[in-house]
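The values are calculated or read from the model by the stated rules, or taken from the named source; none is laboratory data. Quick caveat, the model's predicted, so the values are computed rather than measured. With ideal geometry, Cβ positions are generated from the backbone for all residues, glycine too; neighbour counts draw on all protein chains shown. We work out accessible area using only protein heavy atoms, side chains counted, and drop any ligands, DNA or RNA first. Shrake-Rupley method; radii C 1.70, N 1.55, O 1.52, S 1.80 Å.
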Amino acid sequence: MLKVAYNPIYRHPLPEGHRFPMSKYELIHDQLLYEGTLRPENFFSPRPVEDRWVLGVHTEDYVRRLKTLTVPPAMIRRIGFPLSAGLISREWIITQGTIDCSLIARRDGVALNVAGGTHHAFPDRGEGFCLLNDVAVAASYLLENGLARKILIIDLDVHQGNGTAVIFRQEPRVFTFSMHGRDNYPLHKETSDLDIEIPTGTTDDPYLNRLYDTIPFLLKEQKPDFLFYISGVDILETDRLGKLKISRDGCRQRDAYIFGEALRAGLPIAVSMGGGYSIRIADIVEAHCNTFRIAEKLYF
Ligand SMILES: [Zn+2]
């Protein structure tokens with residue numbers, strides 16, 4: 001049975017008037033239940049991650065500042081929303097969700113977190129709506145516990161996984177691959193193990209072809225035994241932050257391809273949602289739900 005991490009705290013709303021809808025997590029959960037793709041027993045509710053695993057990636061000082069709500073104002077501005085105790089515990093729970101998904105994926109082949117993919121979180125700071133780097137914490141957890149030998153992070157959110165790139169710069173056991181919009185945030189890109197910059201306005205075929213040319217090569221060269229996938233849907237043409245022109249069906253084909261390659265190679269894959277900022281929230285929810293529908297169909 002497909003296992004999906006979701007805790008009611010995921011819906012924790014941002015302060016009134018914030019311009020990005022964060023209730024998408026709740027809507028994804030509700031839609032998948034409503035249409036019958038998933039049943040209540042598919043979902044499990046993560047607990048907060050233990051600090052020792054967070055500290056495998058983030059600095060003590062940063063973690064302390066988050067927990068005591070003493071993050072300096074300049075950093076809060078870069079994060080993009082005011083912090084609250086609720087948002088902090090939400091982040092700790094989402095991060096454990098990604099660890100849980102990685103453990104379940106080792107058993108079932110796949111598991112998905114209805115949130116996460118917060119790849120703009122650096123060791124000592126957050127930015128771009130990201131506080132903790134859930135995928136990095138989970139990758140470091142797997143390595144630390146001898147549960148993976150070589151990890152490939154496939155980050156297909158439209159924004160570069162700059163925090164992830166910096167976190168694993170000196171870690172040969174984690175290969176960071178980010179395929180993102182060339183002209184999208186962050187303006188200053190970090191160096192991942194492999195970065196592919198997609199020009200503004202790119203449509204389905206050239207986008208998917210870059211992926212088809214890259215993934216088999218990476219699997220062959222890097223020989224990972226575990227995959228993390230950040231399935232951001234801000235590549236959609238309807239996205240108000242992304243600058244690509246990928247259709248909803250193109251986005252669906254992207255997800256189907258990644259799951260297909262993972263299955264073919266017999267590699268466990270843990271999925272975090274990443275971004276999605278289409279004007280109509282229905283576009284975001286529909287594209288994210290496709291990721292779950294495909295996983296359910298291919299694996300179970
Ligand atoms: Zn993004």
Exercise for the section: Name the residues whose placed amide hydrogens come within less than 5 Å of the amide hydrogen of Gly80, ignoring near sequence neighbours (fewer than 5 apart) on the same chain. Expected result: Phe129
Exercise for the section: For the range 289-296, just list the computed ³J(HN,Hα) in residue order, Karplus coefficients 6.51, -1.76 and 1.60, θ = phi - 60°, integers in Hz, with x standing in for Gly and Pro. Expected result: 4, 4, 4, 6, 4, 5, 4, 4
Problem - Of the trypsin sites (Lys or Arg not before Pro) in the range 66-163, those whose Cβ has at most 14 other Cβ within 10 Å and which sit in DSSP loop - result: Arg149, Lys150
Exercise for the section: Report the charge-dipole magnitude of the range 141-252 in Debye, nearest 20, computed about the Cα centre from +1 at each Lys and Arg Cβ and -1 at each Asp and Glu Cβ. Expected result: 160
Handout entry: Amide H within-cut-off set for Phe122, under 5 Å, with H built and near neighbours excluded
Key = Glu127
Fill in the blank from the handout: Note on the range 4-299, DSSP bridge orientation, antiparallel percent to nearest 5 equals 10
Problem - Net charge over other residues, Cβ less than 12 angstrom from the Cβ of Ala270 (K, R count +1; D, E count -1) - result: 0
Handout entry: Share of carbon and sulfur in the accessible heavy-atom surface of the chain [1.4 Å probe, %]
Key = 52
Fill in the blank from the handout: In debye to the nearest 20, the charge dipole size for the chain, taken about the Cα centre with +1 at each Lys and Arg Cβ and -1 at each Asp and Glu Cβ, equals 260
Handout entry: From phi via Karplus (6.51, -1.76, 1.60), per-residue ³J(HN,Hα) for the range 243-260 in Hz, x at Gly/Pro
Key = 10, 9, 10, 8, 7, 4, 5, x, 5, 5, 5, 4, 5, 4, 5, 4, 4, x
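Could you provide, to the nearest whole Å², the per residue accessible area of the chain with probe 1.4 Å?
Accessible area per residue: 40 Å².
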Completion exercise
HN-Hα couplings for the range 39-49 via Karplus (6.51, -1.76, 1.60; θ = phi - 60°), in whole Hz with x for Gly/Pro, come out as 10, x, 6, 6, 8, 10, 10, x, 9, x, 5
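Taking a ≥ b ≥ c as the square roots of the eigenvalues of the Cα gyration tensor of the chain, is the shape rounded (a/c under 1.5), prolate (a/b larger than b/c) or oblate?
Rounded, because the longest to shortest axis ratio a/c is under 1.5.
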Problem - Amide H contacts of Ser278 (H built 1.01 Å from N, under 5 Å, at least 5 apart or other chain) - result: Arg240, Ile284
